[in-house]
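Enquirer: Here it is, the structure in full.
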Amino acid sequence: MVGAAIVLVAAILMLVALLTPWYMEQVSDSGVSVTLNAYPGLPSTNGTIQFTCSGLPSGESCTPQSSYTAEKLNNTGNIAEAGFFLIIVGFVLGLIGAILGFTSGKNARRAGPARTLAIVALVVAIAAVAMFAVALPTAIGQDSPGHTGTGPWSSFFGSGNASSMGLPGGTLTWGPGIGWYLAIGAFVLFLVGMFVLRQGQKEPAQPAAQVVAAVPPVTPPPAQ
């Protein structure tokens, strides 16, 4: 039951990760800051790209949300789409595994399928995390032809001069968002839940055989 509860928390973390940004880029210059938050999802879905701005001159506004397709981030959108489905699969597998764990009752053998689903869910979770870290810089580079210097196309996280963005004196910062870290947390919990469920599969120790001492029969006293 404890293992099932841990797997359930991990599945909930995957769901929360689906609703939070997985990547961010921030450009700041002379008190003006523009932050791009990228969410997992279908490339054409409005809201998968969200902007927050501060310090804009009077009369200028910030586009609140957009999509990978609208921003011409097609390769980045493909990564976001693949991550979107991986996260959903991890959540569903974790949820089913937790349900099986809760319904196994005191039958340790029935915890086996729950443990198997937890293993698959943790593989899916770490696959989504690794895919973003490894493939995203290349995808961003393909979406930013003619880029120079260091930037999101050269590493998964970092900071540098924003000259590539047309701001020679500005600062460019990029890196993973909270959703990426939540997926790592889900992976760790899936791993812990898997080990707890594994312990539950083990047969309980058999009680030691009780030795009953032989008591010699009592001979009644001879009749007087």
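The values are calculated or read from the model by the stated rules, or taken from the named source; none is laboratory data. Model, not experiment: these values are computed from the prediction. Glycine also receives a Cβ, built like all others from the backbone with ideal geometry; neighbour counts cover every protein chain displayed.
Enquirer: Please determine whether any residue of region 71-79 is in a helix (DSSP H, G or I) and either among the aliphatic types (A, V, I, L, M) or on the phi > 0 side of the Ramachandran plot (or both).
Expert: Here is the first cut: in region 71-79, the ones in a helix (DSSP H, G or I) are 74-79.
Remaining after also requiring either among the aliphatic types (A, V, I, L, M) or on the phi > 0 side of the Ramachandran plot (or both): 79.
Within region 71-79, one or more residues are in a helix (DSSP H, G or I) and either among the aliphatic types (A, V, I, L, M) or on the phi > 0 side of the Ramachandran plot (or both).
Enquirer: Of all residues in region 42-56, how many are farther than 30 Å from I88 by Cα and of a type in the set (S, T, N, Q)? Show your work before the answer.
Expert: Of region 42-56, the ones farther than 30 Å from I88 by Cα are 53-56.
Imposing the further condition that a residue be of a type in the set (S, T, N, Q) reduces the set to 54.
Here the count works out to 1.
Enquirer: Can P40 be described as in contact (Cβ under 8 Å) with a residue 60 or more places away in the chain and over 18 Å from G141 (Cα atoms)?
Expert: Working: in contact (Cβ under 8 Å) with a residue 60 or more places away in the chain: yes; over 18 Å from G141 (Cα atoms): yes.
For P40, the condition - in contact (Cβ under 8 Å) with a residue 60 or more places away in the chain and over 18 Å from G141 (Cα atoms) - is met.
Enquirer: Let me ask something else. Restricting attention to region 33-56, which residues are outside any loop (DSSP other than H, G, I, E, B) and within 12 Å of P21 (Cα to Cα)?
Expert: Pass one, region 33-56, residues outside any loop (DSSP other than H, G, I, E, B): 33-38, 49-54.
Answer for region 33-56, where residues must be outside any loop (DSSP other than H, G, I, E, B) and within 12 Å of P21 (Cα to Cα): T35, L36, N37, A38, I49, Q50, F51.
Enquirer: Could you check, for region 10-33, whether at least one of its residues is among the aromatic types (F, W, Y), in contact with a Gly (Cβ under 6 Å, 6 or more places away or on another chain) and free of Cβ contacts under 8 Å to residues at least 40 places away in the same chain?
Expert: Just the residues of region 10-33 that are among the aromatic types (F, W, Y), to begin with: 22-23.
From what's left, in contact with a Gly (Cβ under 6 Å, 6 or more places away or on another chain): 22-23.
Checking which are free of Cβ contacts under 8 Å to residues at least 40 places away in the same chain leaves us with none.
Scanning region 10-33, I find no residue that is among the aromatic types (F, W, Y), in contact with a Gly (Cβ under 6 Å, 6 or more places away or on another chain) and free of Cβ contacts under 8 Å to residues at least 40 places away in the same chain, so the answer is no.
Enquirer: Another question about this same structure. Which numbered condition in (1) small (G, A, S); (2) closer than 30 Å to G90 by Cα; (3) out of contact with any strand residue (DSSP E or B) (no Cβ under 9 Å at 6 or more places or on another chain); (4) part of a loop (DSSP other than H, G, I, E, B) is the only one that G59 fails?
Expert: It fails just one condition, (2).
Enquirer: Limited to region 141-162, what total is found for residues that are in contact with a helix residue (DSSP H, G or I) (Cβ under 9 Å, 6 or more places away or on another chain) and either in contact (Cβ under 8 Å) with a residue 40 or more places away in the chain or acidic (D, E) (or both)?
Expert: The number of residues fulfilling the criteria is 3.
Enquirer: Consider I6 carefully, then state whether it is part of a helix (DSSP H, G or I), farther than 19 Å from A130 by Cα and at pLDDT below 90.
Expert: On the way: part of a helix (DSSP H, G or I): yes; farther than 19 Å from A130 by Cα: yes; at pLDDT below 90: yes.
Considered against the rule, which asks whether it is part of a helix (DSSP H, G or I), farther than 19 Å from A130 by Cα and at pLDDT below 90, I6 comes out as yes.
Enquirer: Looking at V32, V2 in this structure, which one is over 23 Å from L136 (Cβ atoms), surrounded by fewer than 17 Cβ atoms within 10 Å (Cβ to Cβ), touching a helix residue (DSSP H, G or I) at 6+ places or on another chain (Cβ under 6 Å) and among the hydrophobic types (A, V, I, L, M, F, W, C)? Steps first, answer last, please.
Expert: On the way: V32 fails: touching a helix residue (DSSP H, G or I) at 6+ places or on another chain (Cβ under 6 Å).
Result: V2 is the single residue among V32, V2 that is over 23 Å from L136 (Cβ atoms), surrounded by fewer than 17 Cβ atoms within 10 Å (Cβ to Cβ), touching a helix residue (DSSP H, G or I) at 6+ places or on another chain (Cβ under 6 Å) and among the hydrophobic types (A, V, I, L, M, F, W, C).
Enquirer: Which condition breaks for S155 when tested against (1) modelled with pLDDT of 80 or more; (2) surrounded by fewer than 20 Cβ atoms within 10 Å (Cβ to Cβ); (3) part of a helix (DSSP H, G or I)?
Expert: (3)
Enquirer: Also, quick follow-up: So S66 fits all but one of (1) under 22 Å from the mean Cα position of the chain (by Cα); (2) surrounded by 13 or more Cβ atoms within 10 Å (Cβ to Cβ); what number is the exception?
Expert: The one condition S66 does not meet is (1).
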